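Please treat every number below as a calculation from the coordinates, not as lab data. This one's a predicted model, so the numbers in the text were calculated from it and none came from an experiment. No Cβ is skipped: glycine too gets one built from the backbone with ideal geometry, and neighbour counts run over all protein chains shown.
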Amino acid sequence: MLVMAHRGASSEAPENTLIAFSKAVEIGADYIEFDIRLTKDNEIIIMHDENTKRTTGYDGLIKDMTLSELKKLNCGNEAIDAEIPTLEEIINLKRGNTKLQIEMCSLGLIEPLYSLLKKYDLMDLVLVSSFRLEELLKLQRLNPDLKLASLHTAQPGVFEELNPNLKLETLKITKSGWVLDSKYRKAIVDFAIRNKFYAIHPYFFFADEEMINYTHENNILISIWTVNRKMSFKKYIKMGVDGIFTDNPRLLIKLLKEI
């Protein structure tokens, strides 16, 4: 079971900060997961949202700000000061055996990301994911051996990218807008098979045993996001997922030791 520290140990420290990542390494997570975006001056920084307001209090778009401007912001709280980190700072963090799970959240990242992965010889130590399937394919064209994973929700989205013949009107949709349909699940796995992806990362509520088994039959890993409760950990461990993204890697690791 892979323990994926979602935005670091974000239940114990401000998300997507070096403090949260260091805690995840200390706890023993298999991967630290984080989100990357491109600044106005083409630097790769770590933040999930396109706007800095939620995590720093300052209302600004990352794409319109320079690295110098972003470094003046504080992602911490009253007790902790925490800068917005760069990808290079995470790469240089003492990580032991903990690997990097990089989510591409914006456009324009392919060349600068690939350049850094080559510079630090990280091709075998990273897993790159995205909801943007075409961006993953662009990265794959630069290095077919790079480990890639497609991200998926259970809401209407990338049907035509997955399969041009998959039409929204033919799928079962709940009143709340969830697409809980086996055809959609199969299309996600089939896309990963065709494009030789390393893994798929569906929203936890979307994954079922049929999807998990089909994924494994085709030698693809399946990790779910984002799970934080002990009962949910037990449920999905029993179902056979390969990894769990969690804000609380300490709790998940403790449970895995008890099983």
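Using a simple spin-label model with pseudo-atoms 7 Å out from Cα toward Cβ, S232 and Q155 lie 1.6 nm apart. Counting every other Cβ atom within 10 Å of each residue's Cβ, F233, F34 order from fewest to most as F233, F34. In order along segment 60-71, the phi-based Karplus estimate (6.51 cos²θ - 1.76 cosθ + 1.60, θ = phi - 60°) of 3J(HN,Hα) comes to x, 8, 4, 5, 9, 10, 7, 4, 4, 5, 5, 5 Hz; Gly and Pro are listed as x. Calculated from the alpha-carbon coordinates, the chain shows an Rg and a Dmax of 18.2, 53 Å respectively. Annotation for L168 and Y203: the two label points, set 7 Å from Cα along the Cα-Cβ direction, are 1.4 nm apart.
Across the chain, Cα pairs under 8 Å and at least six residues apart give a relative contact order of 19 percent. In this simple spin-label model, placing a label point 7 Å from the Cα along the Cα-to-Cβ direction at both S68 and E50 gives a separation of 2.6 nm. Centre-to-centre, using Cα atoms only, segment 148-203 and segment 1-71 are separated by 27 Å.
For segment 61-124, the relative contact order comes to 17 percent (Cα pairs under 8 Å, sequence separation of at least 6). Largest mean-square fluctuation among S129, S106, S176, in a Gaussian network model of the chain whose springs join Cα atoms under 10 Å apart, belongs to S176.
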